[in-house]
1. Mind checking which residues of the stretch 309-330 are within 46 Å of the chain's Cα centre (by Cα) and of a type outside the set (Val, Ile, Thr)?
2. Pick from the stretch 537-553 the residues that are touching a strand residue (DSSP E or B) at 6+ places or on another chain (Cβ under 7 Å) and farther than 23 Å from Gly455 by Cα: which of them is least open to solvent (accessible area, probe 1.4 Å)?
3. Which residue pairs have Cβ atoms closer than 6 Å, lie 6 or more positions apart in sequence or on different chains, and pair a first residue in the stretch 67-87 that is over 14 Å from Glu99 (Cβ atoms) with a second residue that is modelled with pLDDT of 90 or more and among the aliphatic types (A, V, I, L, M)?
4. It is to be established whether one or more residues within the stretch 346-361 are in contact (Cβ under 8 Å) with a residue 40 or more places away in the chain, surrounded by 12 or more Cβ atoms within 10 Å (Cβ to Cβ), closer than 18 Å to Glu372 by Cβ and not basic (Lys, Arg).
5. Since Thr470 meets every condition but one in (1) open to solvent by less than 50 Å² (accessible area, probe 1.4 Å); (2) touching a Phe, Trp or Tyr at 6+ places or on another chain (Cβ under 9 Å); (3) more than 23 Å from Arg415 (Cα to Cα), which condition does it not meet?
6. What's the number of the condition Ser252 fails, among (1) in contact (Cβ under 8 Å) with a residue 40 or more places away in the chain; (2) in a helix (DSSP H, G or I); (3) open to solvent by less than 20 Å² (accessible area, probe 1.4 Å); (4) not aromatic (Phe, Trp, Tyr)?
7. Within the stretch 447-475, which residues are over 30 Å from Glu636 (Cβ atoms) and modelled with pLDDT of 80 or more?
8. Scan the stretch 609-638 residue by residue and report those that are open to solvent by 30 Å² or more (accessible area, probe 1.4 Å) and in contact (Cβ under 8 Å) with a residue 12 or more places away in the chain.
Amino acid sequence: MIDNNNIKMDLNIILAAVEQSPSVVMITDTDGNIEYVNPHFTMVTGYTREEALGRNPSFLKSGTMHRDVYAELWSSLRQGKSWHGELCNRKKNGKIYWESAAFSAIKNESGKVLHYMKVAEDITERKRSLEALQSSYEFLEIIMNSAIDTMFVLDLRGDIIMANSRAEELTGYTVGELIGMSSSRLIPNAEFDDVNEYFSSQKDRSGSVEQKTTLIRKDAAERTIKYRLVPLIQHNRLRGIIGTAEDVTEQSLAEEELRKLIQAVEQSPATVVITDTEGNIEYVNPKFTHLTGYEFHEVIGKNPRIMKSGSQPDEFYKKLWETITEGREWRGEFHNLKKDGGAFWEFSSISPVKDENGVITHYVAVKEDITERKQAEDALIESEKRLRVRNDIIENDLKNAQTIQKALLPKKVPRNDGFLVQYRYIPLDAVGGDFFTFHDIGPDSFSVFIGDVTGHGVSAALFTALLKFTTQKMDEGLYTSPADYVLHINNELLGIMSGYFITALYAIFSRDAISGKTKMSFARGGHPYPVLLKKNDNSIKMLKSKGTILGMFKDLVIHEKSVELEKGDRVYLFTDGIIEVYDRKKEMLGLEGLSEIIRSTAGETLSNSIESILKKVEEFQGIPTFEDDMAIIGIEIT
């Protein structure tokens, strides 16, 4: 059970301690409004408790502190952190005073900030003493400012009490900003915040210390410095530190780059050899030992000729030396011997190393083991001989396939009254899979089938032949039903295509003998939509219908669609080789792009329009060769 009497006694003791404290104690709410000040506050500032309560501490500001100090103070408090520093304030009587202040947050059990508290010590006299000491050091400042390096003096707490003009160049702060600044602000990793403790840890307290560390400039840039510290002794007592600092950033970077270079050479997968101008070896990296079997000490001072195989003529080495002694790089292949007598090949790049006067002092060779590559090249030569024979056979097969494929295409177009038919076919060198054919199914009607087998080459030609055979052996009764026609082709090809598939479209064009109306009925299996160009207004319409690729799926549902046509209307059927071309920006022509091209040919004859379409497709692509074969059929109602 909590003893309330004890708690009350403890609180009284704490309150008495705060009230009697020789330090200023202030408590504010979270908005910074003063809720409590102890008597020492009145003693230092001249303001009574009643005059301070409810006010913001900003009424104490002297106006000499930089706003960043207060911004940093409040930023720390709002993050739940404490803040320590020195503030220059103004008393009620207008006099300036300095205080060393510590601000912290007062939180409840759940960590919520309820109040802020400041505990401060009046350091005005100490600041004045420092100022007096500084004024007496004017002659010392002249001497320090004449120094080449940065010079500084730290007090026993590690704060800067003197600095020369070179310090401004190094740190980015003015000397005025540096005075009174903690050295840890410039050198976060410093170990001399407490000078007494720092030099007590040294073996010789009267000696000097020299180290490298990182300095943070005012602009937050990091510089590498080398500093030297000596103790400042007065009357046999340690008073502070006198130090010099030198910016060695570039030197450190150069050393780091050199270290990385050495590391890279040591760990390089390539052999590295450095010789003097006579060719005597001065350095080899570990890869050299791994490849040749020679240890470092076995080759130092020797000439690389100890690895000669004797298979390369003297003229080869003579040209090498002529090249590098003239200051040029030499590249070539060596056939050498390992320590155990095994032969190996290596590709080498040998370059001269010159001093600042351009005089050659060394040669460096970087070599790559190409033994396996040379063996592979020999095997490749033999393989090429065999492939050349096979290629001759394949080329002959491709020529035969092209001949067969051209023979599969129709030799003439339908000549029915009321219709004009034209087509163009552009074959691919590699043999494509485009195919089309026509059927006469009556005096006033005909049909057209157009398909595209995936892939190129002999396989595409064979499947194209299979497609023609399938259309030829079809029951004539299927010619009048586009959906049944396409479905029959799918069923005939199932299980035969071996991963290939076909896109196809079958269309019937017919004229009613009584009404004179013309109609197109069609069904498609994954093929590009037909494009209709209307004569009356030159409008374009893509004749869309559903359909899935053929030769891969059972139980397909094929949809049939019909559209009425008028005199002068044109229907264009084509394979995907026409729409799947790309311009130099890698943008595809597509159905929309082709439709616009077709619209632009409205005033031309059907034959000329097809020629113009193909020409404009070629212009869109920007090159005269295509990646797929092309077929386009135009039907005009006359």
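1. Phe316, Tyr317, Lys319, Leu320, Trp321, Glu322, Glu326, Gly327, Arg328, Glu329, Trp330
2. Ranking the qualifying residues of the stretch 537-553, first place goes to Leu543.
3. Leu77/Ala105; Gly80/Ala105
4. Yes, the stretch 346-361 contains a residue that is in contact (Cβ under 8 Å) with a residue 40 or more places away in the chain, surrounded by 12 or more Cβ atoms within 10 Å (Cβ to Cβ), closer than 18 Å to Glu372 by Cβ and not basic (Lys, Arg).
5. Failed condition: (2).
6. Single failed check for Ser252: (3).
7. Thr454
8. Matches in the stretch 609-638: Glu611, Lys616, Phe620, Gly622, Phe626, Glu627, Asp628, Glu636, Thr638.
The values are calculated or read from the model by the stated rules, or taken from the named source; none is laboratory data. Since the model is a prediction, treat every value here as computed from it, not as a measurement. When we count neighbours, we look across all protein chains shown, and the Cβ atoms used for this are built from the backbone with ideal geometry, even at glycine. Please note that ligands, DNA and RNA were not included when accessible areas were found on the heavy atoms of the full protein model with its side chains. Shrake-Rupley method; radii C 1.70, N 1.55, O 1.52, S 1.80 Å.
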